[in-house]
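One structure is given here, and the rest of the page talks about it.
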There are 2 protein chains.
Amino acid sequence: MNDSLKPRYEARARILKAMAHPSRLLIIEELQKQERCVNELTEMIGSDMSTVSKHLSVLKNAGLVSDEKRANCIYYTLRCTCILDFIGCVEEVLSANAEEHNKILKSCKK
Amino acid sequence: MNDSLKPRYEARARILKAMAHPSRLLIIEELQKQERCVNELTEMIGSDMSTVSKHLSVLKNAGLVSDEKRANCIYYTLRCTCILDFIGCVEEVLSANAEEHNKILKSCKK
DNA sequence: TTCTTATTTGGCCATATAGCCAAATAGCGA
DNA sequence: TCGCTATTTGGCTATATGGCCAAATAAGAA
């Protein structure tokens with residue numbers, strides 16, 4: 001791969017990788033609605049708080065969320081809401097896949 | 001996490017994970033312009049053909065590309081072009097990150 | 001200062017992934 | 001049939017990731 005393009009694709013891949021986890025997608029979607037602190041998110045996700053904290057740091061390192069300490073909580077916020085538009089596209093892929101799958105199933109029943 | 005939501009997030013995460021690799025992003029972008037066969041993509045990416053073939057099967061399993069044998073090549077095509085819109089969003093995140101980074105640098109120089 | 005609450009970090013293990021090489025497979029033309 | 005070209009698969013190793021537990025840290029309240 002062209003040396004000038006490589007860092008560009010690597011940077012994009014890092015962002016996508018940061019999103020590519022069920023718990024982190026839940027976090028992203030939730031933070032789009034409202035800011036949340038770690039223990040609220042932990043409750044929603046239902047895994048260990050240390051695990052959730054690590055997920056949050058992945059999102060933060062990718063620049064997808066930011067955090068702010070207030071009162072006795074650290075509140076996390078979604079930095080870029082256009083991410084949500086993308087989820088719509090992912091859903092399109094998923095339903096296209098489902099349709100494909102159905103087509104195959106039907107052709108097997110014949 | 002709610003049992004009814006979990007599979008949904010897992011499905012989305014699988015799609016994102018399939019995209020989250022520099023070579024696969026290059027493939028996606030290239031296929032949006034035109035269909036390509038494995039050896040063309042291999043040349044662009046510059047790694048072993050077996051590696052590229054595996055990347056393509058990742059994309060195919062996620063339903064992002066489809067393949068069609070014609071003449072003596074297997075041509076790969078992008079199935080869902082809305083993916084490209086998303087790349088735009090990723091770029092927004094990246095430039096927001098870069099701006100942030102600059103701000104920090106400037107504040108250090110003071 | 002000591003306790004408490006909220007969060008992060010380190011350690012460990014199990015699993016997944018990328019990459020290369022070599023070998024297998026598929027289809028075509030001689 | 002044999003050999004050629006295009007592609008995939010298997011095997012291997014190195015590295016990264018997710019998850020939990022336990023311990024560390026931070027900041028406020030008693």
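The values are calculated or read from the model by the stated rules, or taken from the named source; none is laboratory data. Owing to the predicted nature of the structure, the values given are computational and were not obtained by experimental measurement. Quick reminder, even Gly has a Cβ in these numbers, built from the backbone with ideal geometry, and neighbours come from all protein chains shown. Keep in mind that these areas ignore ligands, DNA and RNA; they rest on the heavy atoms of the full protein, side chains included. Shrake-Rupley method; radii C 1.70, N 1.55, O 1.52, S 1.80 Å.
Values computed for the structure shown
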| read-out | value |
| --- | --- |
| Options B:89, B:82; residue that is surrounded by fewer than 16 Cβ atoms within 10 Å (Cβ to Cβ) and in contact with a helix residue (DSSP H, G or I) (Cβ under 8 Å, 6 or more places away or on another chain) | B:82 |
| Single condition residue B:67 does not satisfy, out of (1) within 16 Å of DNA strand C (Cβ to nearest atom); (2) open to solvent by 40 Å² or more (accessible area, probe 1.4 Å); (3) within 12 Å of another protein chain (Cβ to nearest Cβ); (4) not in a helix (DSSP H, G or I) | (3) |
| Filter result for residue A:60 (modelled with pLDDT under 85 and not hydrophobic (A, V, I, L, M, F, W, C)) | no |
| Matching entry among B:62, B:96 (being more than 13 Å from DNA strand C (Cβ to nearest atom), within 14 Å of chain A (Cβ to nearest Cβ) and under 19 Å from residue A:17 (Cα atoms)) | B:96 |
| Subset of region B:28-47 that is within 22 Å of residue A:8 (Cβ to Cβ) and within 10 Å of DNA strand D (Cβ to nearest atom) - its residue that is most open to solvent (accessible area, probe 1.4 Å) | B:43 |
| Checklist (1) open to solvent by less than 80 Å² (accessible area, probe 1.4 Å); (2) within 13 Å of chain A (Cβ to nearest Cβ); (3) in a helix (DSSP H, G or I); (4) free of Cβ contacts under 8 Å to residues at least 60 places away in the same chain applied to residue B:53, failing item | (2) |
| Region B:70-79, subset open to solvent by 80 Å² or more (accessible area, probe 1.4 Å) and more than 12 Å from chain A (Cβ to nearest Cβ), residue nearest to the chain's Cα centre (by Cα) | B:70 |
| Selected residue (only one of B:77, B:81 is in contact with a strand residue (DSSP E or B) (Cβ under 9 Å, 6 or more places away or on another chain) and among the β-branched types (Val, Ile, Thr)) | B:77 |
| Scope region A:7-20; condition within 8 Å of chain B (Cβ to nearest Cβ) and either in contact with a His (Cβ under 6 Å, 6 or more places away or on another chain) or open to solvent by less than 90 Å² (accessible area, probe 1.4 Å) (or both); matching residues | A:9, A:10, A:11, A:12, A:13, A:15, A:16, A:19, A:20 |
